[in-house]
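Asker: One structure follows; several queries about it will come next.
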Amino acid sequence: QVRLVESGGGLVQAGGSLTLSCEASGSFYRINDMAWYRQAPGKQRELVASITRGANTKSADSVKGRFTISRDNAKNWVYLQMNSLKPEDKAVYYCNAKAEILVYWGQGTPVTVSS
């Protein structure tokens, strides 16, 4: 069982930066892929960025060049550095992790970007 707890969301002006953090805890052998998703009001949840245990990353076209995902395997943390934030980045951001054959989700942290 894996528990994911996100932090770092909040209100920021357009053009600003935020760093989201997510800690994985619980009873598990190893966390494999980790990712950040987001869900804006009235829209489907979408993948923002993902990272393998070996630090291979992928990101959505909408955030490339602005957001960076990273992780600390020893501490089971994953981060999302968000720069040059835009009003359209406003959403609830969710941490996602795969451990063994199961997928886990955090409770989400809201990000609001004012114009």
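Asker: Any chance you could count how many residues in the stretch 2-30 are open to solvent by 50 Å² or more (accessible area, probe 1.4 Å) and on the phi > 0 side of the Ramachandran plot?
Answerer: Within the stretch 2-30, residues that are open to solvent by 50 Å² or more (accessible area, probe 1.4 Å) and on the phi > 0 side of the Ramachandran plot number 2.
Asker: Right, another one. If you take the residues of the stretch 31-73 that are of a type in the set (A, V, I, L, M) and under 11 Å from the mean Cα position of the chain (by Cα), which of them is surrounded by the fewest Cβ atoms within 10 Å (Cβ to Cβ)?
Answerer: 47
Asker: Write out, first by first residue and then by second, each pair whose Cβ atoms fall under 7 Å of each other, whose residues are 6+ apart or on separate chains, and whose first residue, in the stretch 54-67, is more than 15 Å from residue 19 (Cβ to Cβ) while the second is at pLDDT 95 or above and loosely packed, with under 15 Cβ neighbours inside 10 Å.
Answerer: Final answer for the pair search is 60/46; 60/47.
Asker: For the stretch 83-96, check the following and say yes or no: at least one residue is open to solvent by 20 Å² or more (accessible area, probe 1.4 Å), of a type in the set (Val, Ile, Thr) and more than 11 Å from the chain's Cα centre (by Cα).
Answerer: There is no residue in the stretch 83-96 that is open to solvent by 20 Å² or more (accessible area, probe 1.4 Å), of a type in the set (Val, Ile, Thr) and more than 11 Å from the chain's Cα centre (by Cα).
Asker: Sticking with this one: Considering each residue of the stretch 31-73, count those that are within 14 Å of residue 89 (Cα to Cα), outside any strand (DSSP E or B) and among the hydrophobic types (A, V, I, L, M, F, W, C), and give that number.
Answerer: 3
Asker: Specify the residue that is nearest to the chain's Cα centre (by Cα); the eligible residues are those in the stretch 17-30 that are more than 16 Å from residue 109 (Cβ to Cβ) and part of a loop (DSSP other than H, G, I, E, B).
Answerer: Checking each candidate, the answer is 30.
Asker: Shifting gears a bit: Do you know which of the residues in the stretch 97-113 that are open to solvent by 40 Å² or more (accessible area, probe 1.4 Å) and touching a strand residue (DSSP E or B) at 6+ places or on another chain (Cβ under 9 Å) is farthest from residue 56 (Cα to Cα)?
Answerer: The residue in question is 112.
The values are calculated or read from the model by the stated rules, or taken from the named source; none is laboratory data. Owing to the predicted nature of the structure, the values given are computational and were not obtained by experimental measurement. With ideal geometry, Cβ positions are generated from the backbone for all residues, glycine too; neighbour counts draw on all protein chains shown. Ligands, DNA and RNA are excluded from the accessible area calculation, which covers all protein heavy atoms including side chains. Shrake-Rupley method; radii C 1.70, N 1.55, O 1.52, S 1.80 Å.
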